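S.K.: For reference, the structure I am asking about is given below.
The values are calculated or read from the model by the stated rules, or taken from the named source; none is laboratory data. Model, not experiment: these values are computed from the prediction. Every residue, glycine among them, receives a Cβ derived from its backbone with ideal geometry; neighbour counts consider all protein chains shown. Surface accessibility is based on the protein's heavy atoms, side chains included, excluding ligands, DNA and RNA. Shrake-Rupley method; radii C 1.70, N 1.55, O 1.52, S 1.80 Å.
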Amino acid sequence: MEKKMREQEGKMLQNYHRADTDLTERFEFRSIHQDEANQAVLIEQICFPPNEACSEKNMKDRIAMAPDLFLVAVDKKTGKIAGFLNGLATDECAFRDEFFTNAKIHIPDGKNIMLLGLDVLPEYRRQGLAGELMSQYIIRERDNNRRMLILTCLQSKVDMYKKMGFSDEGISDSSWGGEEWHEMSRVINV
Ligand SMILES: CC(C)(COP(=O)(O)OP(=O)(O)OC[C@H]1O[C@@H](n2cnc3c(N)ncnc32)[C@H](O)[C@@H]1OP(=O)(O)O)[C@@H](O)C(=O)NCCC(=O)NCCS
């Protein structure tokens, strides 16, 4: 039973994962380096309005605590980050805003990941980069035996995350930036 579910999940992942050779030729996908923290801070400021963006301090704390949960796509031509997806590990199953502000609650071998930001610079958008980042993140954390990915997003991004295999769990407890957030999750290991 469990084997069958795993096979089904594997198939879903294969179907979803575009294995986009064009993107893997253009970008290097890897964990962030500490000396790239300023780039990540700037990209966050470009991608999100001030009430939603992660602060410089929180971003740097997060990169210091959990660089391996920070997947970046580096443009091979420029050597600079074009986009990233980051999170913290935990045994908790529901999102709370403290994940945004306190990287110390990260538990390295936590069974779930709270995803905290998906950012693609404007000049790299609509080419599949966010989808590729998510696919590669899922594959990596699946291999790390994580059970579930959890995130919050605005209504306008619910369909995007559904395409990435997430389910909408309804309105989250989060009041980040004074807005209403949907909580979404995806099981990656059954
Ligand atoms: C949202 C964002 C990450 C998308 O990055 P991207 O690399 O352009 O996305 P992709 O090209 O991989 O698109 C994946 C899917 O997401 C959807 N999508 C892309 N941008 C979207 C947007 N701005 N709003 C809603 N859906 C969007 C599309 O349906 C697309 O699927 P399709 O190609 O089958 O049509 C990027 O626009 C961004 O950084 N925006 C600002 C920060 C942000 O809003 N992050 C998400 C927070 S929850």
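S.K.: Counting only residues that are more than 12 Å from the ligand (Cβ to nearest atom) and not hydrophobic (A, V, I, L, M, F, W, C), which one in the stretch 173-190 is farthest from ILE138 (Cα to Cα)?
M.R.: Result: GLY178.
S.K.: Okay, next question. Is it the case that the stretch 165-178 has a residue that's in a strand (DSSP E or B), at pLDDT 95 or above and open to solvent by less than 30 Å² (accessible area, probe 1.4 Å)?
M.R.: There is at least one residue in the stretch 165-178 that is in a strand (DSSP E or B), at pLDDT 95 or above and open to solvent by less than 30 Å² (accessible area, probe 1.4 Å).
S.K.: Of the numbered conditions (1) closer than 23 Å to VAL74 by Cβ; (2) open to solvent by less than 20 Å² (accessible area, probe 1.4 Å); (3) assigned to a strand (DSSP E or B); (4) not hydroxyl-bearing (Ser, Thr, Tyr), ILE138 fails exactly one; give the number of that condition.
M.R.: So the condition that ILE138 fails would be (3).
S.K.: Does the stretch 18-68 hold any residues that are within 12 Å of the ligand (Cβ to nearest atom) and either farther than 14 Å from PHE100 by Cβ or free of Cβ contacts under 8 Å to residues at least 12 places away in the same chain (or both), and which are they?
M.R.: Across the stretch 18-68, the qualifying residues are ARG18, ASP20, LEU23, PHE27, ILE43, GLN45, ILE46, CYS47, PRO49, ALA53.
S.K.: Which ones in the stretch 22-68 are in a helix (DSSP H, G or I), hydrophobic (A, V, I, L, M, F, W, C) and either in contact with a helix residue (DSSP H, G or I) (Cβ under 6 Å, 6 or more places away or on another chain) or under 23 Å from LYS104 (Cβ atoms) (or both)?
M.R.: Matches in the stretch 22-68: LEU23, ALA37, ALA40, VAL41, MET59, ILE63, ALA64, MET65.
S.K.: So ASP75 fits all but one of (1) open to solvent by 10 Å² or more (accessible area, probe 1.4 Å); (2) in contact (Cβ under 8 Å) with a residue 60 or more places away in the chain; (3) among the charged types (D, E, K, R); (4) within 14 Å of the ligand (Cβ to nearest atom); what number is the exception?
M.R.: ASP75 satisfies all of (1) open to solvent by 10 Å² or more (accessible area, probe 1.4 Å); (2) in contact (Cβ under 8 Å) with a residue 60 or more places away in the chain; (3) among the charged types (D, E, K, R); (4) within 14 Å of the ligand (Cβ to nearest atom) except (2).
S.K.: Something else about it: Out of everything in the stretch 142-164 that is assigned to a strand (DSSP E or B) and β-branched (Val, Ile, Thr), what residue ends up being most open to solvent (accessible area, probe 1.4 Å)?
M.R.: The selected residue is THR152.
S.K.: Search the stretch 139-157 for residues that are of a type in the set (S, T, N, Q) and pair each with any residue that is assigned to a strand (DSSP E or B) and buried (at least 16 other Cβ atoms within 10 Å of the Cβ) when their beta-carbon atoms are under 6 Å apart and the residues are at least 6 apart or on different chains.
M.R.: Listed by first residue and then by second, the contacts come to THR152/GLU183.
S.K.: Please give the number of the condition PHE100 fails out of (1) within 21 Å of LYS60 (Cα to Cα); (2) within 9 Å of the ligand (Cβ to nearest atom).
M.R.: (2)
S.K.: Here is a further query. What are the pairs with Cβ atoms under 7 angstrom where one residue, in the stretch 108-133, is closer than 15 Å to ASP75 by Cα and the other, located anywhere, is more than 10 Å from the ligand (Cβ to nearest atom) and in a strand (DSSP E or B)? Sequence gap at least six, or different chains.
M.R.: LEU133/LEU71
S.K.: For the subset of the stretch 107-141 comprising residues that are more than 8 Å from the ligand (Cβ to nearest atom) and over 23 Å from HIS182 (Cβ atoms), which member is nearest to the chain's Cα centre (by Cα)?
M.R.: The qualifying residue nearest to the chain's Cα centre (by Cα) is GLN136.
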